[in-house]
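These notes are about the structure you will find just below.
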Amino acid sequence: MTDRQKALLDFERTWWAQDHPKDLAIRELFGCSAQEYSSELSEVLDIPEARDYDPLLVRRLERRRLRRHRDRRDPVEAHGGAQT
């Protein structure tokens, strides 16, 4: 893993403790938009060494990514089925 890939995981583990919004911190630290960051982070999750670097964080982020994909695929089912 590159230093940048490790930094993405380190940031994702601790961003909530920062004093300013996540998107601003991303721009300052990584020089990219939140969308670019998210895409890059998703790619890092697919690197086997990422799980070795921080297994709990990577599993949590993988679950979050899976939920988001599921929500996009079937938004009604993701929210408990059809409402009457």
Residue by residue through segment 21-32, which ³J(HN,Hα) values in whole Hz follow from phi under the Karplus form 6.51 cos²θ - 1.76 cosθ + 1.60 (θ = phi - 60°), with glycine and proline marked x? x, 4, 4, 5, 5, 4, 4, 5, 7, 10, x, 8
Cα gyration tensor, segment 3-74 - rounded (a/c under 1.5), prolate or oblate: oblate
Where nothing but the Cβ of Lys and Arg (+1) and of Asp and Glu (-1) is charged, how large is the charge dipole of segment 3-74 around its Cα centre, in debye to the nearest 20? 500
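Read the figures in this text as sums done on the coordinates, not as results from a lab. All of these numbers come straight from a predicted model, not from anything done at the bench. Glycine also receives a Cβ, built like all others from the backbone with ideal geometry; neighbour counts cover every protein chain displayed.
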